[in-house]
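None of the figures in this text is laboratory data; all of them are computed from the coordinates on show. Here the structure is a predicted model, which means the values were calculated and not measured. Reconstructed Cβ throughout: ideal geometry from the backbone, glycine too, with neighbour counts over all protein chains shown.
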Amino acid sequence: MIEKGERAPNWLLKDSEGQTHVLSEFRQKSHVLIVYDPEVPAATIRHWQAAIQADQKQWEWLNTRVLIVRQAPKEVVPGVYIVDRFGLFWNYFSPGHWTFDDLERDLIYYEARHC
């Protein structure tokens with residue numbers, strides 16, 4: 001597991017829409033939330049997608065791209081990763097121990113500390 005404040009590896013990730021992303025494409029552009037749990041059923045992914053869409057204005061205001069990842073490198077353990085717009089690992093939430101409200105709050109606190 002990478003340490004808080006370290007540069008996040010340049011992971012190659014495939015999202016729930018089938019698009020491939022490299023973490024470096026977001027550097028200097030936006031924060032990234034990586035939601036990865038390969039064991040969750042399709043219904044849970046649809047629920048997550050609906051929650052993200054419902055709060056889309058909040059995510060845009062926070063300048064955050066949310067990726068629901070279906071395929072990731074082997075070293076990526078399931079959970080939620082927050083990577084800041086500078087490519088630094090900010091926080092990790094283990095599966096089942098987070099809500100989208102928790103993630104939004106964490107990003108708001110981050111922004112307040114780094115203004």
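Computed about the Cα centre, the dipole magnitude for the chain is approximately 260 debye when only Lys and Arg (+1) and Asp and Glu (-1) carry charge, each at its Cβ. Taking a straight line from the alpha carbon of Lys57, these aspartates and glutamates sit under 12 Å away, with near neighbours fewer than eight places off in the same chain left out: Glu104. Counted without the sites themselves, the longest stretch of the chain free of GluC sites (Glu not before Pro) in a DSSP loop having at most 13 other beta carbon atoms within 10 Å is 76-115.
For the chain, averaging the sequence separation of C-alpha pairs within contact (under 8 Å, six or more residues apart) and dividing by the residue count gives a relative contact order of 35 percent.
Residue order for Asp101, Asp106, fewest other beta carbons within 10 angstrom first, comes to Asp101, Asp106.
Taking 0.36 nm per residue of separation and subtracting the Cα-Cα distance, what length does fully extending Ile108 through Leu12 add? Don't skip to the end; give the middle numbers.
On the way: separation 96, 0.36 × 96 = 34.56 nm, distance 2.66 nm.
Gain on extension, Ile108 to Leu12, equals 31.9 nm.
Taking a ≥ b ≥ c as the square roots of the eigenvalues of the Cα gyration tensor, an a/c ratio below 1.5 marks the chain as rounded. Label point of Leu88 set 7 angstrom out along Cα-Cβ; within segment 31-73, amide nitrogens under 15 Å from it belong to 31-32.
Which FRET efficiency, nearest 0.05, do Arg70 and His97 yield, Cβ-Cβ r, R0 30 Å? Intermediate values should be presented prior to the final figure.
Values: r = 21 Å, r/R0 = 0.69.
For R0 = 30 Å, the calculated efficiency reads 0.90.
Out of all DSSP beta bridges with both ends in the chain, state the antiparallel percent to the nearest 5. List each step's numbers first, then the result.
Values: 15 of 21 bridges.
Bridges in the chain are about 70 percent antiparallel.
What does the net charge come to around Pro38 if you take all other residues with beta carbon closer than 15 Å to its beta carbon, with K and R at +1 and D and E at -1? Don't skip to the end; give the middle numbers.
Values: positive: Lys14, Arg70, Lys74; negative: Asp15, Asp37, Glu39, Glu75.
Computed value for this residue: -1.
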